1. From the convex hull of the Cα coordinates of region 1-50, what is the mean projected area in square nanometres?
2. What does the C-alpha gyration tensor say about the overall shape of region 49-94? Classify as rounded when a/c is under 1.5, otherwise prolate if a/b is larger than b/c, or oblate.
3. In whole Å, how far is the Cα centre of region 152-195 from that of region 97-130?
4. Just the number please: accessible area per residue for the chain, 1.4 Å probe, all protein chains included, in Å².
5. Please enumerate, by chain and number, the lysines with C-alpha under 25 Å from the C-alpha of K155, excluding those fewer than 8 residues away in the same chain.
6. For region 177-259, compute the orientation-averaged projected area of the C-alpha convex hull (one quarter of its surface), in nm².
7. Quick one: if the Förster radius is 30 Å, what FRET efficiency do Q208 and Q112 give, using the C-beta to C-beta distance and rounding to 0.05?
8. Using a Förster radius of 25 Å, what is the FRET efficiency between S53 and D183 based on their Cβ-Cβ separation? Nearest 0.05, please.
Amino acid sequence: MIEHFLTPGSIEQALELKQRYLDDATWFAGGSKLNSAPGRTEKTVAISLQRLSLDWVDWDNDCMRIGAMTTLQTLRDSHHLPPALYEALGFVYSRHLRNQSTLGGEIAAMEQESVLVPVLLALDAVLVFGDGETEALESYLAQPADRLITEIIIKDPYRACSTRKISRSQAGLTVLTAAVAIDEDQRVRIALDGVADRPLRLRDVEAQRLDGEQLEAAVAAAVFPRDDVRGSVAYKRYIAGVVVADLYADCQQKGEEIQ
Ligand SMILES: Cc1cc2nc3c(=O)[nH]c(=O)nc-3n(C[C@H](O)[C@H](O)[C@H](O)COP(=O)(O)OP(=O)(O)OC[C@H]3O[C@@H](n4cnc5c(N)ncnc54)[C@H](O)[C@@H]3O)c2cc1C
């Protein structure tokens, strides 16, 4: 249970506090996960990110930069958002939740049902940390560390990209979320959540440059979902293949429109 709520006024102060309290302390963003059961934290010290001025969306030429404390609703309301990211933000079904949750919190929370991480992976998002270091989102997810995320960078936001969430109803449990993108060199990105312990890219399948039924089969064989209340292993494999093949066809069409 949180007993001390600290409100540093700068990133340096926040990092100093984390250095002082180490594992007893947690970064506190929107608090939607930290305050909710069963995600409620066991940590005793909360280091609030509220006063760090990390709530902004900026453009650096064509590169999109998003402060980690930007709420999902503010992001969705911002101008020139890549269409697939806009759509994925709408997958978070409740406006109240979008008003509370931040993009940094969504990434760091490592939720099993993250509907935003696949599209961020397909767009090759890069994280910036409090000490100024950067890391690709994909490698952060593979080895998460308790580092302060300050910024999310998307260098090529307008590549052809499509995303879809599969669930029984808008507010129901998410079976899986998939995103596919094709960059200007025609390289494919395929990202999924809900078919493994964490969101992931299917790099082996990407390299094979398949489409249609062959792509469906390759995706179905490359994922290792669990049998649970959301669906059987066979169903999740099947639907992952169908959705990815569909999104790929969608991206090819978008790519032709962009050219
Ligand atoms: C009713 C309800 C429904 C939900 N549904 C979903 C859902 O469908 N899909 C989904 O993915 N999530 C869902 N969540 C979980 C939650 O909303 C998300 O994980 C949320 O995006 C967390 O954002 P936050 O800003 O509120 O983070 P917080 O709750 O403040 O923090 C979450 C975690 O991230 C860490 N953190 C936060 N910001 C940073 C940062 N900048 N740098 C490093 N670490 C940081 C915190 O230390 C903490 O461990 C739901 C929550 C609720 C209450």
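1. 3.1 nm²
2. Oblate.
3. Cα centroid of region 152-195 versus Cα centroid of region 97-130: 12 Å apart.
4. 50 Å²
5. The qualifying lysines are K165, K254.
6. Averaged projected hull area, Cα only: 5.1 nm².
7. Computed FRET efficiency for Q208 and Q112: 0.65.
8. It comes out at approximately 0.20.
The values are calculated or read from the model by the stated rules, or taken from the named source; none is laboratory data. In this text the structure is predicted, and so the values were computed from the model without any measurement. Cβ: placed from backbone, ideal geometry, glycine included. Neighbour counts: every protein chain shown. Keep in mind that these areas ignore ligands, DNA and RNA; they rest on the heavy atoms of the full protein, side chains included. Shrake-Rupley method; radii C 1.70, N 1.55, O 1.52, S 1.80 Å.
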